[in-house]
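None of the figures in this text is laboratory data; all of them are computed from the coordinates on show. Remember, predicted model here, so these are calculated numbers, not experimental data. Reconstructed Cβ throughout: ideal geometry from the backbone, glycine too, with neighbour counts over all protein chains shown.
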Amino acid sequence: MATEKNKLYYGDNLDVLQRYVKDESVDLVYLDPPFNSRQDYNVLFAEKDGSQSSSQIHAFEDTWEWNIESKRALELIIEQGGRVADALRAFEAYLHGSDMMAYLAMMAPRLVELRRVLKETGSIYLHCDPTASHYLKILMDAVFGPSNFRNEIVWRYKKYQKAEMRYFTRNSDRILFYAKGANADARFQPQFIHLDKPKKFLKRAWDKKTGRIVNAKDDEGHVQYIEITEEKIDDVWVLTYLMPAARERLGYPTQKPEALLERIIKASSNEGDLVLDPFCGCGTTVQVAQRLSRRWIGIDITHLAIGLIKKRLSDAFGPEIKSTYDVIGEPTDYAGAAQLAAENKFQFQAWALGLCDARVAESSKKGADRGIDGRLYFHDDESGKSKQIIFSVKGGGVSVPQVRDLRGVIEREKAEIGVFISFDEPTKPMLREAAEAGLYKSTDGTTYPRLQILTIQQLLSGKQPEYPLHRRDATFKKAPRSRPAAAENLSLPLLPRE
């Protein structure tokens, strides 16, 4: 059978679902949608001072806020009629023009699309916190039907929480599990947990003479026991939250443990099935699906996330993994990069930095980047101390003073190397200014330009900053190495052209 690659989409998941994902083509959907644009949404990075990524803020600042766009989304769904429209009318009467109403209005069409792409044997797991779970459950009833509700799973994550004085400490999330089709059709495999200490139970039997249940005995009259070495998992999942020192922790505050996604994927899909995550964030669903020999589609609205997922997959499965999936929606040429720079400078910066495996710089105040757009860390000795590369990304015209400013930032930050990413070709005076910054000498004696200028065209052609590569990159904690059981199962069926 002809196949095509797995897919990683950049863009609004509603648009991606409508344009690219066929009816009844997906076996399993997991989604952990961001909630509350001002506080709790799924931001990928947060500094110790609590600051958040400017590109993430820009991407989500209007998504769940009541405004003209959310009003239009609400009216569009209501005009279509049916149970979903009825549910949203009821929400509107109660919630009025609140941000919660905006959240539900924006989630409704996405859930409708997710139902469309699910096979009749498919299932959906919607991850949420108790703040919105009751509203989402009603909305899910409207979209999938109350009879297709399976479980409200409670994930108790044993995360250290500050003791609250006015209410019980919150220490759990909710996962709403719905099937698309009837009970007989929905794909499901019960999951079991191994017991470190087996449990013993008295074996019981029915005594026909007395009509009572009694202890079972062997031929010699000894009471018999049943030893249980595993238990079937119920709807309360006790899985440890990823602590800062966890091996799989990659540095994302809202990262979910792989064990959580592994349980869901194993329960509601088989090898070769297609798993979809429309809010794929840091890519846990994608990585686990790959490891468990499932095909996958991931969608996210930020170039920051897409860049991180690509790096995570390479860390986990090796650079050869890049040949097994396509990235759709990213600029692939100069014209596409120019369009992105014109539309959104924060997304452009995140995309350009992603080409270098650098992370977006954070600041305590929006816009106060202190001349730093990105950072990349590396090691070149045995001390364990991280060395730093500072990035400055310019999407418009460039000049000598900008290069001179970066040189000053390198000195101020005591960085080993600085990289100036330019949309246009640098002038000779810019190159001279960069050369005057001198060289960085690695511990093995190799030298590297201390201030480097790279153009977007060079990055698109594969050129990378020059720095010591013989030791591990320390920009992000690497994903643990992982290998799928059967690589041939990791591609999508080739869909007919329309």
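Remarks
- Kirkwood-based shape ratio for segment 334-460, expressed as Rg/Rh from alpha carbons: 0.96
- By other beta-carbon atoms within 10 Å, ranking SER98, SER383, SER133 with the fewest at the front produces SER383, SER98, SER133.
- Between GLU230 and LYS441, residue separation times 0.36 nm minus the direct Cα-Cα distance comes to 70.2 nm.
- Local net charge near LEU195, Cβ-Cβ under 9 Å (Lys/Arg +1, Asp/Glu -1): -1
- Normalising the average separation of contacting C-alpha pairs (under 8 angstrom, six or more residues apart) by the number of residues puts the relative contact order of segment 270-419 at 15 percent.
- Per-residue Cβ neighbour rank within 10 angstrom, fewest leading, THR285, THR240, THR121: THR240, THR121, THR285
- Note on ARG212 and ARG432: their simple-model spin labels are 10.5 nm apart, each label 7 Å out from Cα toward Cβ.
- Modelled this way, with points 7 Å down the Cα-to-C-beta line, the labels at ASP333 and LEU460 are 0.8 nm from one another.
- Dipole of segment 334-460, positive direction: furthest Cα of GLY397, GLN452, SER422, with charges on the beta-carbon: GLY397
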